[in-house]
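J.: Take a look at this one; I'll ask things after.
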Amino acid sequence: HVTTITMGYGATCVAGILGHIWLIQASLGKDKELLDSTYKTTLGIMGVSLTLTFLGTNLGGIWADQSWGRFWGWDPKENGALMIVLWVAMLFHAKFSKMINEIGVAVGCVIGMIVVMWAWFGVNLLSIGLHSYGFTSGIANTLLIYVCIEILFIIITLITIRSKSSIKSKK
């Protein structure tokens with residue numbers, strides 16, 4: 001389960017990187033064809049992410065049942081994996097129900113990277129549960145800086161995209 005969940009976390013981060021790329025392309029005013037290509041690739045990677053994270057979480061539950069006598073124990077690492085599954089599933093639901101558009105998917109994927117970093121590193125800060133590995137020295141500050149940078153990135157690119165679209169609509 002560890003390999004599968006790690007690949008799922010990695011795929012979620014790749015989708016997040018593609019979300020960054022899409023937002024940068026949109027803020028630079030790149031053509032629709034390039035944006036569509038990046039968007040379609042992002043959706044494909046999100047599908048891989050959801051599949052692998054869901055599968056890895058379930059395989060982890062099977063392993064936990066055989067090793068610890070319970071499938072699910074609400075351990076922080078288990079909850080972190082569940083957060084990723086739910087986040088990506090929510091993005092797909094919002095996209096298919098037309099609650100969000102390409103910008104929403106891109107921003108959601110960037111936020112998905114924050115969710116992964118919390119699930120991977122942040123839950124260790126709680127120092128509880130069967131998956132508490134330690135190695136928390138300096139992680140809290142680094143994680144906080146990372147989250148602030150990502151939020152700042154989202155704000156700046158959204159402002160830039162909005163200003164470009166308002167300039168185009170005035171022409």
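J.: Of everything in region 87-103, what is surrounded by 14 or more Cβ atoms within 10 Å (Cβ to Cβ) and part of a helix (DSSP H, G or I)? Give them in sequence order.
T.: Trp87, Val88, Ala89, Met90, Leu91, Phe92, Ala94, Lys95, Glu102, Ile103
J.: Answer with yes or no whether Gly8 is more than 17 Å from Leu91 (Cβ to Cβ), in contact with a Phe, Trp or Tyr (Cβ under 9 Å, 6 or more places away or on another chain), assigned to a helix (DSSP H, G or I) and touching a residue at least 40 places away in the same chain (Cβ under 8 Å).
T.: When the stated conditions are applied, Gly8 does not pass them.
J.: Are there any pairs with C-beta distances below 9 angstrom linking a residue in region 78-94 that is closer than 9 Å to Leu50 by Cα to a residue that is open to solvent by 10 Å² or more (accessible area, probe 1.4 Å) and at pLDDT below 95, with the two at least 6 apart or on different chains, and if so which?
T.: Ile84/Ile5; Ile84/Thr57; Val85/Thr57
J.: Mind telling me which of the residues Gly80, Gly73 ends up being open to solvent by less than 60 Å² (accessible area, probe 1.4 Å) and not in a helix (DSSP H, G or I)? Break it down stepwise before answering.
T.: Details: Gly80 fails: not in a helix (DSSP H, G or I).
Among Gly80, Gly73, only Gly73 is open to solvent by less than 60 Å² (accessible area, probe 1.4 Å) and not in a helix (DSSP H, G or I).
J.: Considering only region 18-37, state which residues are open to solvent by less than 30 Å² (accessible area, probe 1.4 Å) and outside any helix (DSSP H, G or I).
T.: Once the filter is applied, which keeps residues that are open to solvent by less than 30 Å² (accessible area, probe 1.4 Å) and outside any helix (DSSP H, G or I), region 18-37 yields nothing.
The values are calculated or read from the model by the stated rules, or taken from the named source; none is laboratory data. On a predicted model such as this, the values are computed, not experimentally measured, just so you know. Cβ atoms come from the backbone with ideal geometry, glycine included; neighbour counts cover every protein chain shown. Just the protein is used for accessible areas: all its heavy atoms, side chains included, with ligands, DNA and RNA removed. Shrake-Rupley method; radii C 1.70, N 1.55, O 1.52, S 1.80 Å.
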